[in-house]
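*Asks:* For reference, the structure I am asking about is given below.
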Amino acid sequence: HYSLWTAENAQPNLLREFKAIMGHEYYDLKPQNHLHRLGNSVLMGAGLTENNTELWISDGTSGGTKEVLDLNPSGSSNPNNFVRYNDQLWLFTANDGTEVSWWATNGTGSGTFKVAALATVKDYFVPSISNAYLSGNRLFFSMNDGIVGQEPWVMVLEDSLVVSTLTPLSQANELSIWPNPAKDVFNLSLENQMGKPVWVKITNNAGQVLYQQRHT
């Protein structure tokens with residue numbers, strides 16, 4: 001177990017005990033490494049079972065220490081890579097049992113939502129993500145996509161946190177799409193990538209996947 005404590009007048013107060021994620025080293029973080037201030041509370045990855053680690057929030061009281069959202073009821077999904085988007089929102093990565101994604105949260109269940117999928121769990125790898133930071137509306141991070149290896153990526157965010165582009169940094173200025181918007185048919189051009197494997201995933205405004213295929 002690891003525990004969340006407060007201290008008042010040098011007297012410790014145990015708020016809640018959580019369980020470490022044994023055997024899930026990718027998501028196993030010490031609690032002191034992921035306490036992130038949101039107003040008068042802190043966000044953290046924590047869980048009450050060994051395999052179910054979720055997003056929690058605490059205002060320093062027992063009653064105010066509660067689960068924000070059960071992202072993956074059947075497995076490890078400890079939020080990781082927290083990056084502050086603004087005063088009300090944090091971005092983080094988590095595995096919801098279907099895919100590893102960037103998420104956003106304002107500290108409530110209804111305000112916790114998926115921003116962009118990074119890789120599906122059914123693939124042969126789970127991406128390692130690190131060194132994330134925000135500059136303007138661009139989120140830069142390092143990720144292994146299972147094809148090239150660990151490399152810098154950039155995700156361009158709209159005001160609504162709908163992803164407009166998610167590409168390796170080396171390709172960020174090489175992707176062309178036309179016409180845009182399009183009704184039935186559009187064209188993709190990715191310069192200087194001939195002979196290299198590329199994943200193409202097309203979603204509509206409702207988040208439905210219309211097309212997903214690996215191309216060379």
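No lab work stands behind these numbers, since they all come straight from the coordinates. Being a predicted model, the structure only gives us computed values, none of them experimental. Don't worry about glycine lacking a Cβ; one is built from the backbone with ideal geometry, like all the others, and counts go over all protein chains shown.
*Asks:* Hey, with R₀ at 30 Å, roughly what FRET efficiency would Lys19 and Thr108 work out to, going by the Cβ-Cβ distance, to 0.05?
*Replies:* On the way: r = 24 Å, r/R0 = 0.80.
My answer for the efficiency is 0.80.
*Asks:* Moving on. Residues with amide H under 5 Å of Asp96's amide H, sequence separation 5 or more or different chain, H placed in the peptide plane at 1.01 Å from N; which?
*Replies:* Ser101
*Asks:* Going through segment 49-158, which GluC sites (Glu not before Pro) have at most 10 other Cβ atoms within 10 Å and a DSSP loop state? Each step should come with its number before you reach the end.
*Replies:* Details: sites: Glu50, Glu54, Glu67, Glu99, Glu158; in loops: Glu50, Glu158.
Passing both the DSSP loop test and the Cβ count: Glu158.
*Asks:* On full extension of the chain, what length is gained from Gln88 through Ser142, given 0.36 nm per residue of separation minus the C-alpha to C-alpha distance?
*Replies:* Gain on stretching Gln88 to Ser142: 17.0 nm.
*Asks:* From the backbone phi of segment 90-106, what are the Karplus-calculated ³J(HN,Hα) couplings (6.51 cos²θ - 1.76 cosθ + 1.60, θ = phi - 60°) in whole Hz, Gly and Pro given as x?
*Replies:* Per-residue couplings from phi come out as 10, 9, 7, 9, 7, 9, 9, x, 10, 7, 8, 9, 7, 10, 10, 8, 10 Hz.
*Asks:* Would you please classify the overall shape of segment 39-97 from the alpha carbon gyration tensor, given that a ≥ b ≥ c denote the square roots of the eigenvalues, rounded means a/c under 1.5, and beyond that prolate means a/b larger than b/c while oblate covers the rest?
*Replies:* Details: a/c = 2.71, a/b = 1.21, b/c = 2.24.
The shape class here is oblate.
*Asks:* Let me ask another. Would you please give the FRET efficiency between Gln11 and Asp159, computed as 1/(1 + (r/R0)^6) with r the Cβ-Cβ distance and R0 = 45 Å, to the nearest 0.05? Please list the in-between numbers first.
*Replies:* On the way: r = 45 Å, r/R0 = 1.01.
With R0 = 45 Å, the Cβ-Cβ based efficiency is 0.50.
*Asks:* So, one more: Once the other residues with Cβ under 12 Å from the Cβ of Leu69 are scored (Lys, Arg +1; Asp, Glu -1), what is the net sum?
*Replies:* Here the charged neighbours net out to -2.
*Asks:* Calculated FRET efficiency, Tyr2 and Thr61, Cβ-Cβ r, R0 22 Å, to nearest 0.05? Don't skip to the end; give the middle numbers.
*Replies:* On the way: r = 19 Å, r/R0 = 0.86.
It comes out at approximately 0.70.
*Asks:* Here's something else I'd like to know. Scan around Glu54 for amide H atoms under 5 Å from its own, H built in the peptide plane at 1.01 Å from N, and keep only partners 5 or more places away or cross-chain.
*Replies:* It is Ala46, Gly47, by chain and number.
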